[in-house]
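Heads up: the structure comes next, in structure tokens.
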Amino acid sequence: MKRIGIVLSILSLTFALHAQDAKPIISFEKKIHDFGPIQENKGAVSYTFQFTNTGKQPLVIHNVNASCGCTTPDWTRTPIQPGGKGTVKATFDPRNRPGNFNKSITITSNASNATEILRITGNVAPREQTMEDIYPSDLGLIRAKSSHLPFTRVEPNSKKEASLEFINVSDKAVTLSFTRVPPHISISSVPATVAPGKEGNIVAVFDASKLDDWGFVSNQVYLSINGEEVKDKRLSLSATIEEDYSSLTPAQLAAAPDIQFSETNFDFGNVKQGITVEHIFKVTNKGKSDLILRKVRSSCGCTVSKPEKDVIKPGETVNIPVTFNTRGRNGRQNQSVTVYSNDPQKSTSLLRISATVAP
């Protein structure tokens with residue numbers, strides 16, 4: 001019996017090895033291709049990898065995936081008989097990708113080596129930048145490096161300056177000014193008049209002391225060139241108004257307010273379209289000094305929230321009612337309420353509500 005078992009084991013192993021040998025095998029002539037230096041402005045480059053089915057069954061490539069959208073693969077899609085040849089073509093687009101690149105192409109098939117990885121490498125020499133590359137924003141007689149002027153973080157009751165480069169692309173001098181400017185922003189061109197082909201700077205100052213607001217703030221101003229407002233040409237300006245607590249000592253942090261919520265997510269479940277539902281979030285000050293709710297902002301006009309009071313004593317709990325009007329809504333809805341406070345650890349807190357609205 002023991003001898004029979006050994007014989008059966010040998011036969012099983014032999015059968016398994018034979019079955020493995022009977023599978024197709026994808027064998028590439030090379031798996032890495034270096035394009036070397038290529039020019040960005042000369043367009044896409046391609047290389048075709050050659051392979052042979054060195055197995056004993058037909059080879060079928062199931063899929064070929066590139067590691068990024070800049071590389072497009074193509075391959076032999078019909079079955080390759082034993083001894084037959086096929087190709088995998090990789091096309092690389094160097095546009096807006098200067099510098100070295102190393103991209104992979106993953107091949108999956110019915111071969112015994114079911115997954116194979118090819119690589120293409122090279123170095124993209126950048127094209128010479130055009131005026132449109134350097135100044136992509138078309139603002140009429142001028143072009144700017146952007147149509148957005150970010151102030152990033154601004155402390156309350158402080159001022160912050162930001163600037164934006166532009167160039168006069170017309171054949172005459174332009175005098176740049178701005179209209180519909182909100183009171184907390186001052187903005188001008190330096191110099192005020194720019195000669196043809198010359199550069200200038202749009203310089204703006206954000207004065208948070210003139211604005212009773214917190215968190216992200218966005219405004220738009222319109223351009224006026226040579227005394228005429230340019231239709232549909234405007235700049236967006238943004239800032240996030242928040243306090244800087246980075247210099248607080250450990251003792252000051254320990255004595256600070258601590259905002260805590262009973263919950264930060266609530267699902268109304270299934271509700272009928274056209275009705276208004278309400279949920280109350282409870283906020284507690286677990287710190288050692290007064291908690292001030294600077295502002296409560298909803299993600300859309302359909303959500304309204306107003307806390308019972310703005311100043312919460314240590315240990316005190318107040319309600320923040322949140323109402324959601326389902327009028328005009330349909331399907332799954334997700335909204336948020338942002339609470340800005342003087343808690344140095346959590347100056348911005350997010351409350352989320354959701355519902356499934358049925359017509």
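Phi-derived couplings, Karplus 6.51 cos²θ - 1.76 cosθ + 1.60 at θ = phi - 60°, listed residue by residue for segment 47-54: 9, 10, 7, 9, 9, 10, 7, 8 Hz, with x used for Gly and Pro.
Net length available on complete extension from Asn319 to Gln39 is 94.5 nm, with 0.36 nm assigned per residue and the Cα-Cα distance removed. In whole angstrom, how far apart do the alpha carbon centroids of segment 306-359 and segment 96-112 sit? Their Cα centres are 47 Å away from one another.
Around the amide H of Asn110, modelled in the peptide plane, lie the amide H atoms of Val60, His62, all under 5 Å away and 5 or more residues distant in sequence or on another chain.
Would you mind getting me the FRET efficiency between Glu199 and Tyr47? Use the beta-carbon distance for r and R0 = 35 Å, nearest 0.05. After rounding, the FRET efficiency stands at 0.25.
Checking every one of the chymotrypsin sites (Phe, Trp or Tyr not before Pro) in segment 226-326 against DSSP loop status and a limit of 15 other Cβ atoms within 10 Å picks out Tyr245. Candidate cross-link partners of Lys313 among the aspartates and glutamates, defined by an alpha-carbon separation under 19 Å and a same-chain spacing of 8 or more, comprise Asp258, Asp290, Asp343.
Phi angles across segment 87-98 convert, under the Karplus curve 6.51 cos²θ - 1.76 cosθ + 1.60 with θ = phi - 60°, into 3J(HN,Hα) values of 9, 10, 9, 10, 10, 10, 9, x, 4, 6, 9, x Hz, Gly and Pro given as x.
Taking every alpha-carbon pair under 8 Å whose residues sit at least 6 apart, segment 131-241 reaches a relative contact order of 31 percent. Are there GluC sites (Glu not before Pro) in segment 240-297 that DSSP puts in a loop and that have at most 14 other Cβ atoms within 10 Å, and which ones? For GluC sites (Glu not before Pro) across segment 240-297 that sit outside H, G, I, E and B with at most 14 neighbouring Cβ atoms in 10 Å, the list reads Glu263.
The C-alpha atoms of the chain define a longest principal axis, and helix 2-22 lies at about 70 degrees to it.
Computed from the C-beta positions of Ser236 and Lys159 and an R0 of 22 Å, the FRET efficiency is 0.70 to the nearest 0.05. Scanning residues 5 or more positions from Gly55 or on other chains, those with amide H under 5 Å from its amide H are Ile25, Gly83, with H placed 1.01 Å from N in the peptide plane. For Lys23, the lysines whose Cα comes closer than 27 Å to its Cα, not counting residues fewer than 8 places off in the same chain, are Lys31, Lys56, Lys85, Lys89.
For Arg294, the residues whose amide H sits under 5 Å from its own are Tyr340, Ser341, Asn342, ignoring neighbours fewer than 5 places away on the same chain, with H placed 1.01 Å from N.
Evaluating 6.51 cos²θ - 1.76 cosθ + 1.60 at θ = phi - 60° for every residue in segment 263-275, the Karplus couplings come out as 6, 10, 9, 8, 10, 6, x, 8, 10, 7, 5, x, 9 Hz, glycine and proline recorded as x.
Based on C-alpha pairs under 8 angstrom that are at least 6 apart in sequence, segment 250-358 has a relative contact order of 35 percent. Summary value for the chain: 11 percent relative contact order, contacts being C-alpha pairs under 8 angstrom separated by 6+ residues. Looking at segment 54-124, the trypsin sites (Lys or Arg not before Pro) that sit in a DSSP loop and have at most 11 other Cβ atoms within 10 Å of their own Cβ are Arg77.
If you count Lys pairs in segment 90-245 whose Cα atoms are under 15 Å apart, skipping same-chain pairs closer than 8 places in sequence, the total is 5.
Here, each number is a calculation from the coordinates, and none is a lab measurement. These numbers were taken from a predicted model, which means no experiment stands behind them. As a convention, Cβ positions derive from the backbone with ideal geometry for all residues, glycine included, and neighbour counts pool all protein chains shown.
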